[in-house]
Amino acid sequence: MQQLNPSTPIQGTRVTLRPITEEDIPVLYKLIYNGEEPEWKKWDAPYYPLEPHTLESYRSHETARKNRLGTHEPDSRLIIDVNGTTIGTVTYYWEHKSSLWLEVGIGIYDPDYWNGGYGFEALELWIDHLFQTLPLAHVGLTTWSKNQRMIRVGEKLGMKLEGRLRKCRLFEGHFYDSIRMGVLREEWMKRME
């Protein structure tokens with residue numbers, strides 16, 4: 001696996017993925033906690049409440065996340081930057097670390113950047129980076145059936161539907177399915193040729 005400098009940005013055509021700096025914390029905090037019901041949260045697992053934070057507790061939360069990373073582990077959360085503007089983050093988390101079962105996530109907090117291909121490019125860069133830096137056989141993504149944009153992005157990235165748990169997400173009086181998608185290393189490498 002490739003060892004990359006953790007402070008080196010990952011450059012795409014229109015987006016850059018870069019480490020979160022101390023100066024980014026207030027910007028991210030404002031984007032994430034924008035109002036009582038931020039628009040992005042209506043699509044990103046709205047059946048889970050947004051964890052309440054003050055700016056200082058959010059800063060501590062972010063520091064603790066970085067401190068949990070293993071010695072040779074890539075950063076688990078990066079900023080999505082478009083021409084110097086922070087629009088969101090990409091993440092990964094371990095479903096089961098000892099078997100290298102990893103899931104990715106994305107949050108584009110500014111609705112002005114929805115439907116413009118930024119999420120697709122950011123996730124493509126992110127998944128490629130994770131396959132290049134970790135000995136993964138599989139990268140997964142979990143969403144819910146109302147978030148059709150996320151499902152389409154997963155499909156465009158070559159992810160396959162691996163599981164559908166029917167009517168297990170209750171939101172605003174309606175039941176939705178939990179959707180699990182994933183891509184194997186060999187599928188990803190063939191796609192990137």
| note | Taking Lys and Arg as +1 and Asp and Glu as -1, residues besides Tyr29 with C-beta under 13 Å from its C-beta add up to -4
| request: Provide the net charge surrounding Glu73, with neighbours chosen by a C-beta distance below 14 Å and charges set as Lys +1, Arg +1, Asp -1, Glu -1. | output: +4
| field | Residue (of Thr16, Tyr29, Val90) at the positive-pole extreme of the chain, dipole from beta-carbon charges | value | Val90
| message | Restricted to Cα positions, what overall size does region 17-107 have along the principal axes? Three whole-Å values, descending. | response | 39, 31, 27
| said: I'd like the carbon and sulfur percentage of the solvent accessible area for the chain, probe radius 1.4 Å, heavy atoms only, ligands and nucleic acids excluded. | reply: 53
| said: Run lengths n ≥ 4 of DSSP H only: what is the helix-derived mean residue ellipticity at 222 nm for the chain, with -39500 (n - 2.57) per run over all residues, to the nearest 500? | reply: -8500 deg cm²/dmol
| field | Residue among Thr142, Thr13, Thr86 with the largest mean-square fluctuation in a Gaussian network model of the chain, springs linking Cα atoms under 10 Å | value | Thr13
| said: I'd like the Karplus ³J(HN,Hα) series for region 57-66: coefficients 6.51, -1.76, 1.60, θ = phi - 60°, whole numbers in Hz, and an x wherever there's a Gly or Pro. | reply: 5, 5, 4, 5, 4, 5, 5, 5, 4, 5
| query | Roughly how compact is region 69-161, stated as its Cα Rg over 2.2 N^0.38 Å to two decimals? | reply | 1.08
| task | Give the long-range amide H neighbours of Gly12: residues separated by 5 or more places, or on another chain, with amide H under 5 Å away, using H modelled in the peptide plane at 1.01 Å from N. | result | Leu17
| request: Go through [x] 0.94; [y] 1.13; [z] 1.46 and flag the label whose value is the computed Rg/Rh (Cα atoms, Kirkwood Rh) for this structure. | output: [x]
| task | Using the Karplus curve 6.51 cos²θ - 1.76 cosθ + 1.60 with θ = phi - 60°, work out ³J(HN,Hα) for each residue of region 69-83 in order, rounded to whole Hz, and write x for Gly and Pro. | result | 5, x, 3, 10, 8, x, 3, 8, 8, 10, 6, 9, 10, 10, 6
| Cα-Cα over 24 Å: which of Lys97/Lys160; Lys41/Lys167; Lys66/Lys190; Lys156/Lys190; Lys160/Lys190? | Lys66/Lys190
| said: Output wanted: per-residue J couplings in Hz (rounded whole) for region 9-24, from phi through Karplus 6.51 cos²θ - 1.76 cosθ + 1.60, θ = phi - 60°, x for Gly and Pro. | reply: x, 9, 9, x, 6, 10, 10, 10, 9, 9, x, 7, 9, 4, 5, 6
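The values are calculated or read from the model by the stated rules, or taken from the named source; none is laboratory data. Fair warning: this is a prediction, and the values are worked out from it, not measured in the lab. All Cβ positions, even for glycine, are placed from backbone atoms using ideal geometry, and neighbour counts span all protein chains on display. Note: accessible area is taken over every heavy atom of the protein model, side chains too, but ligands, DNA and RNA are not part of it. Shrake-Rupley method; radii C 1.70, N 1.55, O 1.52, S 1.80 Å.
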